[in-house]
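Here is the structure we will look at, set down as structure tokens.
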Amino acid sequence: MGERRALRSRLLRLRRELAKFGTVGALGFLVNVAVFNLCIHGLGLAPVRSGVMATAVAIGTNYLGNRYWTYRHADKRRMHREAGLFMLFSGIGLVIENGALAISHYGLGLTSPLADNVAKNFVGLGIATVFRFWAYRTWVFRGASRARGESGARAASIPRRRIVGLAAEEESEDRRALLK
């Protein structure tokens, strides 16, 4: 029974984390698409150059959202290391995302605005998002999962009346929602 409860608790935390990551990503997506199309159609820049610029702006937006909302519970004492790792993995994602655009535009000759947007903002970004989620949660914001009780020993030591896996701020928010 306790194992089932612990599994359920972990799945709920993962669902909450995915929802927050997705919300931040959706905002980043809108920034990415807007900057990409502004650079191509407004400034007349080349597709891959526009893609790299758009992705760089979105990375900044996403870092702020993930650091201060999705993974706000992560250890803040190592923010320089965290920011460096975030930029490293975001850079790999940038290559994945804009690599799909380059292959489509220059390799396959699909040069319409629709083809560029599909290749970069759906195919490339979709693959890069899966990679980034794995990398951020595994390497960048590692302290967040440990601080929220995912290790078995720590989870077992949390009193039963406490909502497992939530920081004090989030716990009080959830308790208020449960009382309504």
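Our coupling estimate for region 56-69, obtained by passing each phi through the Karplus curve with A = 6.51, B = -1.76, C = 1.60 and θ = phi - 60°, is 4, 5, 5, 4, x, 4, 5, 4, 4, x, 6, 5, 9, 9 Hz, Gly and Pro reported as x. The candidates Ile96, Ile59, Ile103, arranged from most to least accessible area with a 1.4 Å probe in the full protein assembly, appear as Ile103, Ile96, Ile59.
Counted by Cβ distance under 13 Å from Ile127, the other residues give a net charge of +1, where Lys and Arg count +1 and Asp and Glu count -1.
Based on protein heavy atoms only, region 28-68 ends up with 45 Å² per residue of surface accessible to a 1.4 Å probe. Counting only Cβ charges, +1 for Lys and Arg and -1 for Asp and Glu, the dipole size of region 1-98 around its Cα centre is about 700 debye.
The values are calculated or read from the model by the stated rules, or taken from the named source; none is laboratory data. Predicted, not measured: the structure shown is a model, and the values here were computed from it. Ideal geometry is used to build each Cβ from the backbone, glycine not excepted, and the neighbour counts take in all protein chains shown. Accessible surface is based on the protein model in full, side chains and every heavy atom, while ligands, DNA and RNA are left aside. Shrake-Rupley method; radii C 1.70, N 1.55, O 1.52, S 1.80 Å.
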